[in-house]
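The values are calculated or read from the model by the stated rules, or taken from the named source; none is laboratory data. Worth saying up front: this structure is predicted, and the values here are computed from it rather than measured. FYI the Cβ positions are ideal-geometry reconstructions off the backbone, even for glycines, and counts take in every protein chain you see.
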Amino acid sequence: MPVEHHPDHIITHTHDLHRRGLMFILSSPSGTGKTTIARRLLAEDAEIFSSVSATTRAPRPGEVDGEDYFFLDAAEFDRMAEADEFYEWAEVFGNCYGTPKAHIRAGLKQGKDFLFDIDWQGTQQLYQKDAQDVVRVFLLPPSIDELQRRLTGRGTDAPEVIAARMDRARAEISHWDAYDYVVVNEDLDECFEQVRLILTAERLRRKRQTGLIPFVRGLLRAKA
Ligand code: ADP
Ligand code: 5GP
């Protein structure tokens, strides 16, 4: 919550100062631990929210409109695409998926952060549309053997799917240099801590701290 900057007001937390939110992108080769880190971040940090995509596919049982996806018909999706209302969109298995701008833009203004769990192509598109609000973090596995162990250990995929994921993982790794930060996920707690530190530091960037101007003005005006 932004506070009125009465000259005597004492700031005790940086949270007291209004800031613009950011778009926090986590990418990694499949199996590295991106989903694990993302879930923990969403659970432990009250200021970051999952980005909700729009899709033309039908809701699955239990899916909630506005939480899992914004479910749209094809005509509405096309209209939004034409009107440039998506940061990016793509057709996947015959359905359209996209990241709507309006919801995120409004949240950023209120100081909310949004977490994106997307690949390097999505990252590039988001960055092209809104570089100043984007923070790009890439997770790497400690070794190829360990990556294979994690994919196998997750127990969700057949061996041929794992082989295909290993090939894709190598392709993903080659895009490591399109990110602002790279963290090796060897020890989960350590990796999580480092990801949190990045988020904290990025929130403190002067350009995002829109409440600084009135605050500093108050400091300069105040008499001891
Ligand atoms: P991704 O979303 O990148 O595909 P997941 O988060 O699903 O990866 O993680 C893949 C598997 O590896 C999961 O079983 C997860 O519990 C495990 N895992 C994640 N991070 C670590 C780690 N640092 N050490 C050991 N296992 C991990
Ligand atoms: P599902 O229908 O299983 O929820 O998702 C199918 C695919 O759509 C997944 O591979 C997912 O990554 C992709 N997807 C979901 N949301 C978006 C989005 O906003 N943009 C793009 N480009 N792909 C998305």
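Looking across Glu76, Glu44, Glu82, one residue alone is more than 13 Å from ligand 2 (Cβ to nearest atom), within 23 Å of Phe138 (Cα to Cα) and surrounded by fewer than 18 Cβ atoms within 10 Å (Cβ to Cβ). It is Glu44. Among the residues making up region 15-32, those that are more than 16 Å from ligand 1 (Cβ to nearest atom) and within 14 Å of the chain's Cα centre (by Cα) are Gly21, Leu22, Met23.
Going through (1) in contact with a strand residue (DSSP E or B) (Cβ under 9 Å, 6 or more places away or on another chain); (2) away from ligand 2 (no atom under 13 Å from the Cβ); (3) at negative phi one by one, Tyr69 falls short only on (2).
Of the residues Arg170, Arg149, which is exposed (fewer than 15 other Cβ atoms within 10 Å of the Cβ), under 20 Å from Ile25 (Cα atoms) and over 22 Å from the mean Cα position of the chain (by Cα)? The match here is Arg170. Of all residues in region 12-32, those satisfying the criterion of being under 30 Å from Asp177 (Cβ atoms) and either in a strand (DSSP E or B) or not basic (Lys, Arg) (or both) are Gly21, Leu22, Met23, Phe24, Ile25, Leu26, Ser27, Ser28, Pro29, Ser30, Gly31, Thr32. Of all residues in region 177-198, those satisfying the criterion of being under 15 Å from Ser27 (Cβ atoms) and either aliphatic (A, V, I, L, M) or at pLDDT below 95 (or both) are Ala178, Val182, Val183, Val184, Val195, Ile198. Filtering region 155-197 to residues that are touching a strand residue (DSSP E or B) at 6+ places or on another chain (Cβ under 8 Å), in contact (Cβ under 8 Å) with a residue 60 or more places away in the chain and within 11 Å of ligand 1 (Cβ to nearest atom) leaves Glu172, Asn185, Cys191.
Please enumerate the residues belonging to region 76-126 that are of a type in the set (Gly, Ala, Ser) and out of contact with any strand residue (DSSP E or B) (no Cβ under 7 Å at 6 or more places or on another chain). Correct list: Ala83, Gly94, Ala102, Ala106, Gly111.
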